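Scroll down for the structure; my scribbles are underneath it.
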Amino acid sequence: PVLRTAMESEDRETAARARVIVEAHLRRDLERQFRKLAATKEEKIDLEHGMWLISRLVNPLCAKDQLEAELDAIAKQVKLALAQHDLKRADPKLVVETISRVLFKDLGFAGNTTNYRHPDNSSLERVLQTRRGLPILVSHVVVAIADRVEVPIVGIGIPGRYMAKYDGMQAPAGFPKADVLIDPFGGRLIEEEDIRRMVHGFDPQIHLVPSTKLATLVRMLSNLQSHFAYVGNNGASEQTGKFRALLMASMPPE
């Protein structure tokens with residue numbers, strides 16, 4: 001805390017020296033955290049914690065409690081919009097439409113179509129600030145909010161266009177056990193046929209299965225590694241690749 005205060009000093013040398021020390025400490029801590037994550041069993045992985053670690057690759061000073069507070073505030077807004085529904089009996093499609101309206105229309109979350117390959121699109125911190133990001137990041141904003149309001153929305157690793165879905169197997173009694181598919185990048189509900197037209201080789205038996213937490217984090221790191229290289233930050237790309245390799249080594253063989 002003293003060093004963080006010193007980083008705000010009006011004396012430029014004091015501020016610069018404090019930043020060097022803090023960032024060196026944070027780099028060591030980040031490696032320790034990724035090693036710990038790689039050693040964690042799938043069922044024990046906290047996906048939001050992993051997304052925070054990835055955000056720290058973009059901004060070493062990213063604060064976890066700030067991310068949680070922002071997600072909690074959005075979830076509170078969604079919960080108010082859902083107050084008219086009894087979630088244990090409500091039509092899943094109506095529930096998803098309500099969540100989508102708040103996130104995509106009211107709050108303006110969408111895919112970043114103008115600067116797609118910028119590293120900020122892989123940072124939860126920056127996506128919450130700008131309301132723009134990669135499909136996988138916007139999808140997992142939706143998932144994080146759904147978790148908070150107890151709606152069974154999960155991420156699905158469709159090739160080239162990560163999406164999310166309401167898990168139809170958890171639909172209330174009286175409703176078909178059918179998924180409700182969400183394209184967060186475009187901010188809309190979508191049908192299987194739409195995905196089939198968009199994605200070559202789409203197979204619902206494979207690609208609509210919920211993505212594991214570890215596979216999700218590896219995919220996020222793959223994107224970030226590529227985009228750091230694209231903007232010429234080769235050091236950050238190399239570091240990101242190192243952490244990606246740590247997690248990949250923990251993945252079960254296919």
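The values are calculated or read from the model by the stated rules, or taken from the named source; none is laboratory data. Being a predicted model, the structure only gives us computed values, none of them experimental. We place every Cβ from the backbone using ideal geometry, glycine too, and count neighbours over all the protein chains shown. Surface areas here come from the heavy atoms of the whole protein model, side chains and all, with no ligands, DNA or RNA. Shrake-Rupley method; radii C 1.70, N 1.55, O 1.52, S 1.80 Å.
Things worth noting here:
- Expressed to the nearest 5 percent, the antiparallel share of DSSP beta bridges inside the chain is 85 percent.
- GluC sites (Glu not before Pro) restricted to region 172-226 and DSSP loop, no more than 16 other C-beta within 10 Å: GLU191
- The mean of 1/r over all distinct Cα pairs in region 150-254, once inverted, gives the Kirkwood hydrodynamic radius of 15.5 Å.
- Restricting the calculation to alpha carbons of region 50-166 gives Rg and Dmax of 14.2, 44 angstrom.
- If you wrap region 176-228 in the convex hull of its Cα atoms and look at it from every side, the mean projected area works out to 5.0 nm².
- For region 159-200, the set of trypsin sites (Lys or Arg not before Pro) satisfying both a DSSP loop assignment and a count of at most 12 other C-beta atoms within 10 Å is given as LYS177.
- Compactness of region 117-201, expressed as Rg and Dmax over alpha-carbon positions, Å: 13.6, 45
- Accessible surface, the chain, averaged per residue in Å² (probe 1.4 Å): 53 Å²
- Rel. contact order, % - alpha carbon contacts under 8 angstrom, at least six apart, the chain: 18 percent
- When the C-alpha to C-alpha distance is required to be over 30 Å, the pairs from LYS64/LYS242; LYS44/LYS79; LYS36/LYS93; LYS213/LYS242; LYS177/LYS242 that qualify are LYS36/LYS93; LYS177/LYS242.
- Carbon/sulfur fraction of accessible area - the chain, other protein chains in place, 1.4 Å, %: 51 percent
- Divide the volume of the convex hull around the Cα atoms of the chain by the residue count and you get 148 Å³ per residue.
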